[in-house]
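Worksheet: one structure, shown below.
The values are calculated or read from the model by the stated rules, or taken from the named source; none is laboratory data. Keep in mind that what you see is a predicted model, and the values were worked out from it rather than measured. A quick note on method: Cβ atoms are made from the backbone with ideal geometry, for glycine too, and the neighbour counts reach across all protein chains shown. Accessible surface is based on the protein model in full, side chains and every heavy atom, while ligands, DNA and RNA are left aside. Shrake-Rupley method; radii C 1.70, N 1.55, O 1.52, S 1.80 Å.
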Amino acid sequence: MSREEEIRAGLFDNTLNGRAPEVKALTEEGLALHMDPMDILFKALIPSLEEVGRRFEMGDFFVPEMLMAARAMQGALTLLRPLIAETGAQPVGRYVIGTVKGDIHDIGKNLVVIMLEGAGFEVFDLGVNTPPEKFVEAVIAHKPDVLGFSAFLTTTMPMFKVNIEALKKAGIRDQVHIAVGGAPVTEEYAKHVGADSYAPDASMATRQAKQLVGARNEASQGAQALEQAVKLIDDTLKKG
């Protein structure tokens, strides 16, 4: 077995088991050996996530294992994305996201961030316990296509409406698509507070964002590669 084959096998196994440092180190070594970034992506990382999805559907893996694998792949994508961008790929869109004020839960939000970045979005993560004024400032500064609010607690869900009212007061509500999500959130509640869309999971949030911005980078080979990658990730983690 050649060293390149060993690297592909190692990337597969370590992504599967959520070992982020090992995935990053092997990616760095592969690039140092002049392995094709697309080869690393489609012959090691994506097949590993497909296996993660298969095991999830069988009940052998659960959300924590999926999140660990996605984080491991995110480290590799951080290294691969600039090289793919050299082919002409640009961010497919901009996305600001944060957990609302009073809520410090972030596992679901973090998975959305990972999925969006894998899809080629430029993501501005405001973290947890985010006050309305910080969302307003971020929309003004970054001019995102989508603004995402996350809430895990029923007691913090009303912050969706508070945030939207703050955007209206600032005169920028109509400048951005507002998406909401979180464990207790429903589509009916999203409509009630005036959000534009609701996503029950990270995969759907990513798919909706892609549909919103459209295929603006279709002519780019690199963007097509990222689009193909995220389609596979969507299919794999559709129940995440």
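Of the residues making up the stretch 124-150, those that are on the phi > 0 side of the Ramachandran plot and open to solvent by 50 Å² or more (accessible area, probe 1.4 Å) number 2. In summary, Gln211 fulfils each of the numbered conditions (1) at pLDDT 95 or above; (2) open to solvent by 80 Å² or more (accessible area, probe 1.4 Å); (3) closer than 19 Å to Ile114 by Cα with the single exception of condition (1).
Residue check: Arg55 meets all listed conditions (1) closer than 22 Å to Leu111 by Cβ; (2) surrounded by 17 or more Cβ atoms within 10 Å (Cβ to Cβ) but one, namely (2). Here Val128, Val92, Val113, Val146 are screened, and the one residue that is free of Cβ contacts under 8 Å to residues at least 24 places away in the same chain and touching a strand residue (DSSP E or B) at 6+ places or on another chain (Cβ under 9 Å) is Val113.
So which of Gly18, Gly30 is in contact with a helix residue (DSSP H, G or I) (Cβ under 6 Å, 6 or more places away or on another chain), in a loop (DSSP other than H, G, I, E, B) and of a type in the set (Gly, Ala, Ser)? Answer to the check: Gly18. In the set Pro47, Pro82, only one residue is open to solvent by less than 40 Å² (accessible area, probe 1.4 Å), farther than 23 Å from Tyr189 by Cβ and over 15 Å from the mean Cα position of the chain (by Cα); that residue is Pro47.
When every residue of the stretch 150-168 is checked against the conditions, at least one turns out to be outside any loop (DSSP other than H, G, I, E, B) and under 16 Å from Met115 (Cα atoms).
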